[in-house]
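For reference, the structure is listed below as structure tokens.
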Amino acid sequence: MTLQFQTPRGTKDILPGEMPKWHYLEHVLRDIFTKYNFREIRTPVFEDTDLFARGIGGTTDIVQKEMYTFLDKGGKSYTLRPEMTAPVVRAYLQHHLGQTKALQKMYYIAPMFRQERPQAGRFRQFHQYGVEIMGTQAPLADVEIITVGVEFLRRLGLKDIHLKLNSVGCLVCRPVYKLELQNQLRPVLEQLCGDCRNRFHTNPLRILDCKKENCRALTEEVDPIDNYLCDECKSHFGEVKALLTEVKIPFEPDKRLVRGLDYYTKTAFEIITDQLGSQDAICGGGRYDMLAKEIGGDAVPGVGFAAGLERLITVMDKAGLFPETDPHLDLYLIGLGDAARSWVYRTAMQLRRNNLICEIDYQQRSLKAQMREANRLNAGFTAIVGENELKNGSIPLKKMETGEQSDIPIEVFAGEIIKSVGRS
Ligand code: HAM
């Protein structure tokens, strides 16, 4: 039977069995972000549509084709966030986070929404973790951002990752390069793919990262942006590369790396893996010194990255990098008869208040069924309590691994268990 209601195309349920992987990654992320002194930010799942149209750029694929945009009942246009950088900058401006002049270092772990064609590693609802540093133009901030991203992946044990690095220039030098690129590509314009022919007019730099063989061949010989960077961008890029070398983070300069969002200035980077086929980017980011101004605020420089958790989980699974996490229960308490069931329930509550993972039966099932459940749940201990046990004042506690059994006086039962099984 096919159910009438299923997850929408391009989305998926994360079932309880998969959650330990998510919790593990979130735990390591929060740990590492905290050590680098980033603090968490949460923003609404939907924002004013114009925030993204202006922030990400009207000619980008995200804005033109991929946004989940809707009118609310008052006729106002909202969009489910396709990314977090524009919302974070909006929050920074709205709450005057820059007033103290202190740097703002923020992180997030949150769902994003893009109406892309679903395929392996590409979803319509996906999760990003990311960091943003706002309030400084220093190249060291770019390097801190890259470092935290790479350190996290290293800590997980990921190998075969490549950091691709480029500078996309700034409002001074990029327009000059755009014109030059158009001049160099004009003779082959008709041979480029349809998308690239459009990009030629709207955003010629994006032609460089077209994945089509033919477009790549036609753009092989064009001058790289390096040759056109202004002095400031050149020196910034040089310093970023020098600092990365100093902290021993290998990188590969990639003159085709331009990124799919328009807000970047100077540094742009991606971390890719060999394990993912065509959707090979686990992480992407860069500097966005004009974004705050673009969305109506003062010019506040910023730099950050975001990375896809679903893609990361696929890579981790392939490499067998997740730690074993058997679902575990400290104790399954079985009560037979009304009085015993009541004792079992009260005792379970007491144990849980003392940090033990404890389960009981809700349905007055048979002893056999409850034992089967205790086994299925991988309980460390079980105790079977009936009228006799209550009368004798002694509870048999069974260690499931060895079958060993000990009788514990009922009045000290909870205390004994907490002492021997409990965790702080
Ligand atoms: P982005 O490159 O669009 O950058 O996305 C970052 C990462 O999110 C990608 O490298 C990929 O791992 C993941 N991702 C993107 N789209 C999908 C999808 N449809 N399905 C699964 N995973 C996906 C940004 O979003 C920028 N806000 C990054 C940034 C932060 N730049 C500066 N600060």
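The values are calculated or read from the model by the stated rules, or taken from the named source; none is laboratory data. Just so we're clear, the structure is a prediction, and the values are computed from it rather than from any experiment. No Cβ is skipped: glycine too gets one built from the backbone with ideal geometry, and neighbour counts run over all protein chains shown. Side chains included, ligands, DNA and RNA excluded: accessible areas come from the protein's heavy atoms. Shrake-Rupley method; radii C 1.70, N 1.55, O 1.52, S 1.80 Å.
Using Cα centres only, tell me the gap between the stretch 238-276 and the stretch 52-120 in whole Å.
Rounded to whole Å, the Cα centres lie 23 Å apart.
Around Glu294, with a cut-off of 12 angstrom between Cβ atoms, what is the net charge of the other residues, counting Lys and Arg +1 and Asp and Glu -1?
In short, -1.
How big is the shadow of the Cα convex hull of the chain, averaged over all directions, in nm²?
28.3
Might you tell me the accessible area per residue for the stretch 329-421, computed with a 1.4 Å probe and given in Å²?
58
Whose amide H sits under 5 Å from the amide H of Lys266, counting only residues 5 or more places off or on another chain, with H placed in the peptide plane?
Val168, Gly169, Cys170
Before anything else, pin down the relative contact order of the chain: Cα pairs under 8 Å, at least 6 apart, normalised by residue count, whole percent.
14
His127's amide H: which non-local residues (gap 5+, or another chain) put their own amide H closer than 5 Å, with H modeled 1.01 Å from N in plane and none for Pro or chain starts?
Here Met112, Leu309, Glu310 satisfy the definition.
Mind listing which trypsin sites (Lys or Arg not before Pro) in the stretch 27-89 are in a DSSP loop and have 13 or fewer other Cβ atoms within 10 Å?
In loop regions of the stretch 27-89 (DSSP not H, G, I, E or B), the sparsely surrounded trypsin sites (Lys or Arg not before Pro) are Arg42, Lys73, Lys76.
Cα atoms only: what Rg and Dmax, in Å, come out for the stretch 264-392?
Considering the stretch 264-392 through its Cα atoms, Rg and Dmax are 27.0, 78 Å.
State the antiparallel share, in %, of DSSP beta bridges confined to the stretch 329-421, rounding to the nearest 5.
Bridges in the stretch 329-421 are about 45 percent antiparallel.
Dipole size in debye (nearest 20) for the chain around its Cα centre, Lys and Arg Cβ +1, Asp and Glu Cβ -1?
The calculation lands at about 580 debye.
Is the shape of the stretch 329-421 best called rounded, prolate or oblate, per the rule: a/c under 1.5 gives rounded, else a/b larger than b/c gives prolate, else oblate, with a ≥ b ≥ c the square roots of the Cα gyration tensor eigenvalues?
rounded
What part of the accessible area of the chain, given as a whole %, is carbon or sulfur when the probe is 1.4 angstrom?
50
Any of Lys105/Lys211; Lys35/Lys212; Lys12/Lys65; Lys12/Lys159 with alpha carbons more than 32 Å apart? Name them for me.
Lys105/Lys211; Lys35/Lys212
Which value in deg cm²/dmol, rounded to the nearest 500, describes the helix-derived mean residue ellipticity at 222 nm for the chain, given -39,500 (n - 2.57) per DSSP H run of n ≥ 4 and division by the residue count?
-11000 deg cm²/dmol
Angle between the Cα long axis of helix 231-246 and the longest principal axis of the chain, 0 to 90 degrees, nearest 10?
40
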